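> Mind having a look at this structure? Questions to follow.
The values are calculated or read from the model by the stated rules, or taken from the named source; none is laboratory data. Note that the structure is a prediction, hence the values are computed from the model and not measured. When we count neighbours, we look across all protein chains shown, and the Cβ atoms used for this are built from the backbone with ideal geometry, even at glycine.
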């Protein structure tokens, strides 16, 4: 019963997934701009300061983004079973293909309406303020770093 | 190779006509949302007008469907959507509630500078949820409708973002609402398991294996009714029904599941409270009644033993009796000691759920010929309650002013002769809530109680009437405070804006019309018997 070649599509899926991730990283290394600001060279921690207190406050925008993610996550969850049964409804004397297709496109369109709505409501409009915040954070980080260095230098000087 | 098995999919019987009211309102909701997104905050009137137009179109579709509710087969979408007088009459109640809420909230939205478009969108979607609860003939459909309604209402309860009370109300409603939804969902799962039958499934890959037999339950209400007697696990059915009862009990705010109600109703913005007390409660009743009356009916067995169906029927009817008595008593007794008008009206809404439950008990005990009358009586009661309750809350909204600042009973001292229009209409609504003859509340109580008497529930009616006597104290108490107490602080009579004047005229007319000429409405409500009963064979 067990036949290894049945699992070829899964292997292909793995290859594509890994290739997609690695390819994107490589591509941005090769093609992208490199402006190594203080904030950008920090280890990536989903937009948070990687070193510091765990009880830190963070922006409510994260929740909003998470919610929008769910919106499109759900869309995908519904699309997959739909795609699986689509054929059996479209053929076999049922002739429901058009109806089911239109229904699903309506569903996608409704989610698109939601997307348009959040764009219009300015959810992605982080713009100027977010950049100012990031720059201020970078400056603060640089300052603490400099202070630490200075203190270190002072202690070593005193020791010497 | 493919080793999966599936129950053969049946093609859904597509029937858009049956869903027309829901479709119209959903489209209106989306359009309102887009209008709000693309025009900004400048015009508040546009979304309100659009919402009202959408509600009117939906009402037209509902009335257009009314004659076809008598047709032979009025189920579609794989038996998930049903068309019967119960659905249509409840739908009309929801639409009236939604339209009046739009009108009441107009002034409030203006005072507080709230995003009106979002509010109207949420309100419309909540209404669609309520309508699906009434039209669903499948536990899953009812649950989906309930969630559409609930999620929109959670947000609406917390709509005054900067007010701590509103936030608290929203959070409490959310936590307890999800809790009760979980009960409901668990009940649905248990009922599904209890009604399991052996179904032969065809292997999907042709010729792969021989036919397999698998167990499959059902969530379809008519199918459950057919299977109550020969389910594989009768005790599960009882547990599932109990869970469903708890879940619905939460939603209609019946004691002892009412504890969230006062806090939520007090903290939510007043127009939202008005909506929550009238709309979702009626929707809860719609689903509650459909599930228990049609899925767990009295089914006699052929042999000597009492059948599972009969036992289950006795059990839930007994539990409902207790629920009705508790709800009426707790609501009325606790309302006596309230010092906040919104809180008092919250307890009064609990008490009114109890009165409606009396009619529900009667409907449960009745045979199918009388059941229609009892269901119609309950819907009439809920309609009457919605009208007078929305009217009362409209006055409370105006007196409370922005930020819900004046909602204590003390704030109503001696306003009677300074603002006669407001205090007289509020008095009329309070008298109607009390059940004074010639008002809608009286007619509703008469119908519900007479149905219960007809089924032989003497003591239930006696307790109901005693409770009405208790409620005299707090309803008349507020009227006394308004007219016969000295005002200690300054009172400036608020100007009544046009939209609110329209609400007051409509609700006063409704209270008097339903109180004097209930015949037409009640006859329309009981046009034919619920279709799922007649199809039980």
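> Where residues in segment A:1-13 are more than 14 Å from chain B (Cβ to nearest Cβ) and surrounded by 10 or more Cβ atoms within 10 Å (Cβ to Cβ), which of them is nearest to residue A:131 (Cα to Cα)?
Filtering segment A:1-13 for residues more than 14 Å from chain B (Cβ to nearest Cβ) gives A:10-13.
Now drop any that are not surrounded by 10 or more Cβ atoms within 10 Å (Cβ to Cβ), which leaves A:11-13.
Working: A:11: 42, A:12: 40, A:13: 38 Å.
Among those residues, the one meeting the criterion is A:13.
> When you look at residue B:115, is it touching a residue at least 12 places away in the same chain (Cβ under 8 Å), surrounded by fewer than 20 Cβ atoms within 10 Å (Cβ to Cβ) and touching a helix residue (DSSP H, G or I) at 6+ places or on another chain (Cβ under 9 Å), yes or no?
yes
> A further question follows. Restrict the check to segment A:35-43 and report whether at least one residue is more than 30 Å from residue A:143 (Cβ to Cβ), surrounded by 10 or more Cβ atoms within 10 Å (Cβ to Cβ) and not assigned by TED's automatic domain parsing to the domain that holds residue A:137.
No, every residue in segment A:35-43 fails to be more than 30 Å from residue A:143 (Cβ to Cβ), surrounded by 10 or more Cβ atoms within 10 Å (Cβ to Cβ) and not assigned by TED's automatic domain parsing to the domain that holds residue A:137.
> Test residue B:84 against the stated conditions and say whether it is within 30 Å of residue A:120 (Cα to Cα) and in contact (Cβ under 8 Å) with a residue 40 or more places away in the chain.
When the stated conditions are applied, residue B:84 does not pass them.
> I've got another one for you. Tell me, please, whether a residue that is surrounded by fewer than 24 Cβ atoms within 10 Å (Cβ to Cβ) and assigned to a helix (DSSP H, G or I) can be found in segment B:266-281.
From segment B:266-281, those surrounded by fewer than 24 Cβ atoms within 10 Å (Cβ to Cβ) are B:266; that's our starting set.
Subset that is assigned to a helix (DSSP H, G or I): B:266.
Taking every residue of segment B:266-281 in turn, at least one turns out to be surrounded by fewer than 24 Cβ atoms within 10 Å (Cβ to Cβ) and assigned to a helix (DSSP H, G or I).
> Does residue B:62 satisfy the criteria of being modelled with pLDDT under 85, on the phi < 0 side of the Ramachandran plot and either surrounded by 13 or more Cβ atoms within 10 Å (Cβ to Cβ) or touching a strand residue (DSSP E or B) at 6+ places or on another chain (Cβ under 7 Å) (or both)? Give the derivation first.
On the way: modelled with pLDDT under 85: no; on the phi < 0 side of the Ramachandran plot: yes; either surrounded by 13 or more Cβ atoms within 10 Å (Cβ to Cβ) or touching a strand residue (DSSP E or B) at 6+ places or on another chain (Cβ under 7 Å) (or both): yes.
No; evaluated as a whole, the condition is false for this residue.
> Next question. Taking the condition over 24 Å from residue A:126 (Cβ atoms), at pLDDT below 85 and not in a helix (DSSP H, G or I), does residue A:36 pass?
no
> Further, regarding this structure: Would you point out which residue out of B:508, B:503, B:472 is surrounded by fewer than 21 Cβ atoms within 10 Å (Cβ to Cβ), touching a helix residue (DSSP H, G or I) at 6+ places or on another chain (Cβ under 8 Å) and farther than 22 Å from residue B:334 by Cβ?
After ruling out the rest, the residue left standing is B:508.
> If a residue counts only when it is within 12 Å of chain B (Cβ to nearest Cβ) and at pLDDT 75 or above, which helices (runs of 4 or more DSSP H) contained entirely in segment A:54-160 have at least 1 such residues?
Answer list for segment A:54-160: A:61-90, A:97-120.
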